[in-house]
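Step one of this worksheet: look at the structure below.
No lab work stands behind these numbers, since they all come straight from the coordinates. What you see is a predicted model, and the numbers here were worked out from it, not measured in a lab. Every residue, glycine among them, receives a Cβ derived from its backbone with ideal geometry; neighbour counts consider all protein chains shown.
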Amino acid sequence: MRYTSTRGSAPTLDFRDVTLAGLAKDGGLYLPESWPRFSTEQIAALRGLSYVDTAVAVMLPFVEGTLSEADLRDLCTQAYGRFAHAAVVPLVQLDPQNWLLELFHGPTLAFKDVALQLLGLLFERFLTGSSQQVTVIGATSGDTGSAAIDALAGRAGVDVFMLHPKGRVSEVQRRQMTTVIAPNIHNIALEDASFDDAQALVKAMFNDEAFSSKFALSAVNSINWARLMAQVVYYFYAAVRLGAPERPVAFSVPTGNFGDVFAGYVAAKMGLPVAKLIVATNVNDILHRALSAGDYSQGIVVPTPSPSMDIQVSSNFERLLFDLGGRDGAALAEQMRGFEATKAMRLTNAQREGAAALFGSDRVDLDDMALAMRWAYEASAQVIDPHTAIGLAAARRAGLPVDVPVVTLATAHPAKFGDAVERATGQRPALPARIGDLLDREERYASLPGTFEAVTAYIADRASAR
Ligand SMILES: *Cc1c(COP(=O)(O)O)cnc(C)c1O
């Protein structure tokens, strides 16, 4: 499989290079040149397969030319062997129509482990025995950072610099990053910054050609194609358990950077019968405005109890706009330049109509989030986290036909957000034993002003030039 940039002027790459690069040189994001299609029979054949076997079947077309089926199976076995549940991502029924897909049984308690555990192994495999060294730079609203750090700590050939907005991630999230004391891990708390500020800094470093090539920058946030690829798997895994390919299934996805829900779009493109993809946002609702009214304009980020969704620019939305707009890289580059200059853009008619065929969207405020947490607890004794609650609130009021199962992606373990969960339900979720003595461990991180100069100087001091 070859990969092409959404902005049309970067070279096409194979799976290895697209994984190591992250962002394309023209500022765009990579996508497969074409979508692999699964027949109804191929989808039916996934029924009853283990998570690892499903992962191999779904991802094989994307890694073709780089990894053999046996290699892929080996990596998936290692990655998903670290999950604390035998089903890896268990489905839990809430009522006759609503289900949760628990994606948080990995080492750092968030769904990002599903993709990053595999990505860490892919990096190691591609860099071991080569003279190549890479510097991973990332911005995190909390969960990406801890999942990436867990996946990359101590791995040869990789230095990691992780930027988080100081004071805007939960204590558990911060400690999951800052208590990892491996020599290749560097945490940076950005002062007076939002997640979008941190992400903009990361983008600026990638776009600085001299800096980017001197330190061989690489990205592991959801702009990295390999992450999205790994997330496509659980849409298939859940849907075949609920009646696909005969019965279409809907998904409600707590959304920030549009990575997770874009993976659902990929699954639909591959032939999975997806009745609806509900994009659930909190009050930071740029995606809800874009999908419901065509208005993609950046607002001010409001901090909420669902910090991983406190985002007003959703990087992966560009991938959808590109695919829906007929894959015209030059036109998309023009549209994105307009957005970057004015912080606002209108979707084209083709983009709006294409999106409306598959996507719904909703904006869930604090009260409705708390109500959804209470409903899950009272109706079926499930304690859910604030992000999952936003997805569930949107799922329950989406008005889908009663014979369509609706799967809400449960993106974080409730113990990661214990205060918010306790406020809404009166229940204080316990940290699972595998997190151990997190609250007592020593922390290490740097506090820096959120400027390009401060951050690049810090990185230049600590990463080896290539
Ligand atoms: C990252 C994250 C999200 C948002 O996922 P995107 O792929 O950025 O849309 C939602 N919930 C949790 C708990 C997350 O960590």
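Computed values, structure above
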| read-out | value |
| --- | --- |
| Positive-end residue, the stretch 1-65 charge dipole about Cα centroid, Cβ charges, pick of Ser34, Leu49, Leu23 | Leu23 |
| Residue order, fewest to most surrounding Cβ atoms within 10 angstrom, among Ser218, Ser315, Ser9 | Ser9, Ser315, Ser218 |
| Burial ordering of Asp143, Asp17, fewest other beta-carbon atoms within 10 Å first | Asp17, Asp143 |
| Only Lys, Arg (+1) and Asp, Glu (-1) charged, at Cβ; the stretch 1-58 dipole about Cα centre in debye | 100 debye |
| Principal axis dimensions, largest first and in whole angstrom, of the stretch 38-95 by Cα | 43, 31, 14 |
| Cα gyration tensor shape for the chain, rounded if a/c is under 1.5, else prolate or oblate | rounded |
| Charge dipole of the stretch 138-235 about the Cα centre (unit charges at C-beta), most positive-ward option of Gly138, Phe206, Ile149 | Ile149 |
| Extension gain (nm, one decimal) between Asp437 and Glu209, 0.36 nm per residue minus Cα-Cα | 77.9 nm |
| Bridge type composition, the chain - antiparallel percent by DSSP, nearest 5 | 25 percent |
| Sequence-separation-based contact order of the chain, relative, with Cα cut under 8 Å and 6+ spacing, percent | 20 percent |
| Estimated vicinal HN-Hα couplings, Hz - the stretch 171-185 in sequence order (Karplus 6.51, -1.76, 1.60; Gly, Pro = x) | 4, 5, 4, 4, 5, 5, 8, 7, 9, 8, 9, 5, x, 8, 10 |
| Simple Cβ-charge dipole of the stretch 1-118, Lys/Arg +1 and Asp/Glu -1, about Cα centre, in debye nearest 20 | 220 debye |
| Proximal lysines relative to Lys203, as straight alpha-carbon distance under 18 Å, when same-chain residues fewer than 8 apart are discounted | Lys25, Lys214, Lys343 |
| Exposure proxy ranking, count of Cβ atoms within 10 Å, fewest first, for Thr54, Thr456, Thr388 | Thr456, Thr54, Thr388 |
| Near-label residues of the stretch 35-56 by backbone N, under 13 Å of a point 7 Å along Cα→Cβ of Glu64 | 35-39 |
| Size of charge dipole - the chain - debye, nearest 20, with Cβ of Lys, Arg +1 and Asp, Glu -1, no other charges | 340 debye |
| The stretch 319-423: relative contact order in percent, alpha carbon pairs under 8 Å with at least 6 residues between | 21 percent |
| Global form of the stretch 245-348, assessed from the alpha-carbon gyration tensor, a/c cut-off 1.5 | oblate |
| Length released on extending from Ser9 to Lys343, taking residue separation times 0.36 nm less the Cα-Cα span | 118.0 nm |
| √(5λ) per eigenvalue of the Cα gyration tensor, the stretch 1-73, largest first, Å | 27, 14, 9 |
| Peptides ranked, highest mean first, by Cβ atoms within 10 Å: ranges 84-95, 339-350, 240-251 | 240-251, 84-95, 339-350 |
| Inter-part distance where the stretch 186-259 and the stretch 272-317 are each reduced to a Cα centre, Å | 14 Å |
| Gain upon complete extension [Val302, Arg327; 0.36 nm per residue less C-alpha separation] | 5.7 nm |
